[in-house]
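The values are calculated or read from the model by the stated rules, or taken from the named source; none is laboratory data. None of the values given here were measured: they were computed from a predicted structure. No Cβ is skipped: glycine too gets one built from the backbone with ideal geometry, and neighbour counts run over all protein chains shown. All accessible areas refer to the heavy atoms of the entire protein, side chains included, with ligands and DNA or RNA removed. Shrake-Rupley method; radii C 1.70, N 1.55, O 1.52, S 1.80 Å.
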Amino acid sequence: MRYVVILAGGSGTRLWPLSRKGMPKQLLELVGGVSLLRMAYERVARVVPAERILVCTGASYADVVAEQLPELAPENLLGEPVGRDSLNAIAWSAAVLADRDPDAVVATVTADHVIEPVDAFVEALEEAFSVAEENDDALVTFGVVPTTAHTGYGYLHRGDGLDGHPSTCEVREFKEKPDAATAERYLASGQYWWNSGMFVWQARTFLDQLAGLVPESYRIVTELATHPAKLAGLYPQLPRISVDYAVLEPVSQGRGSARILAVALPIQWSDVGGYAALAEHLPTDADGNAVDGRAVLLDSSDTVVVNRTSPEHVVAVVGGQDLIVVTTADITLVCPASAAEQVKALVAEVGEQLGDDYT
């Protein structure tokens, strides 16, 4: 039977002060008054029914997730007591589903992306389910068809096509985030897709690979599937590692008994990882200013303003050129757009000087 697990962990530090420890970016209403988590749920709900959708998130976010997704069954909300990177969130979810249904076919999708058009995503997800159901040795990922020579994403090197599935191919190897020249070469070749970080496989197939490659994680997650009361004690013992490094890359190199396949995902894909990416989804004026909330700008251009204070509060900017201005009830951030990548370091400094209440 088909299931979907939505991964909704992470913090989104580069969107501070909107994104905070208690309210990470996937739970914020960033685009169109809807959270990224809600968007992810509504996408997959077109493919599987509500009772077969799970969310894996931090335990501290569980109440907010339940509030945003009232359709979610309580037993389908998996709260990690601590973060242990993508491998263990995926492995724990797979073990839980394999225990419930030995024939479970599981799609693992992210909750922190804007994906358009949704119809193309739905079609690719259904295709990936079919591929995984027909090939019990397959770990299926999605390759986002690149539109630019992006240096912020990992890449998949495409191999031979899969008979009967024209949008699916083997994956020769995984490539790390490239420099600009390499990314241009990848794009020009037409042989590379962006690595989406989303997957479909038979739960048992994935767990079999895990048993051989990371036996300690396999031992713990399978024990948790049958003894959930041990979660607080066992989960922190899991080795922190990503699913790419732990399973997918080794399998692609022949170190497992499975094979890696990729389904084309011809979409516009944004991880809304920072304010430049968020600005792409906000109303923009003739001078390139992107504004969310009440604001007045004069002699300003290419400036991002996000006002999340009271409805009466106005943000006024004069002569702003390539600025980021973000206001919340307790924090105001102002920085040049060119310094946006330093926001993460700023958060650490704020925490050191003022404490966790502001991070």
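A few comments on the model shown:
- Note on His281 and Tyr358: the model spin-label points, each 7 Å out from Cα along the C-beta direction, lie 2.8 nm apart.
- Secondary structure note: in segment 204-331, about 10% of the DSSP beta bridges are antiparallel.
- To the nearest 10, the accessible area of Glu123 is 130 Å² with a 1.4 Å probe.
- Note on the chain: GNM, Cα springs under 10 Å; of Pro178, Pro146, Pro283, the largest mean-square fluctuation is that of Pro283.
- Ranking by accessible area, most exposed first, for Asp271, Asp357, Asp160 with a 1.4 Å probe: Asp357, Asp160, Asp271
- Cα centroid separation - segment 75-101 against segment 166-210, whole Å: 23
- Spacing of the two label points (7 Å from each Cα toward its C-beta) at Gln342 and Glu312, in nm: 3.6
- Where labels lie 7 Å past Cα in the beta-carbon direction, separation of Ala211 and Met1 in nm: 2.3
- Residues of segment 308-359: accessible area per residue with a 1.4 Å probe, Å²: 62
- Length-normalised contact order of segment 30-182 in % [C-alpha pairs under 8 Å, at least 6 apart]: 17
- Whole-Hz ³J(HN,Hα) from phi, Karplus 6.51 cos²θ - 1.76 cosθ + 1.60, for segment 27-40, glycine and proline x: 9, 7, 7, 8, 10, x, x, 10, 6, 4, 4, 4, 4, 4
- Accessible surface, 1.4 Å probe, highest first, among residues Met1, Met23: Met1, Met23
- The simple Förster model, with R0 at 25 Å and r as the Cβ-Cβ distance, assigns Glu123 and Ala45 a FRET efficiency of 0.95.
- Computed [θ] at 222 nm, deg cm²/dmol, the chain (DSSP H ≥ 4; -39,500 (n - 2.57); rounded to nearest 500): -8500 deg cm²/dmol
- Summing charges over all other residues whose Cβ lies under 11 Å from the Cβ of Tyr358, with Lys and Arg as +1 and Asp and Glu as -1, gives -3.
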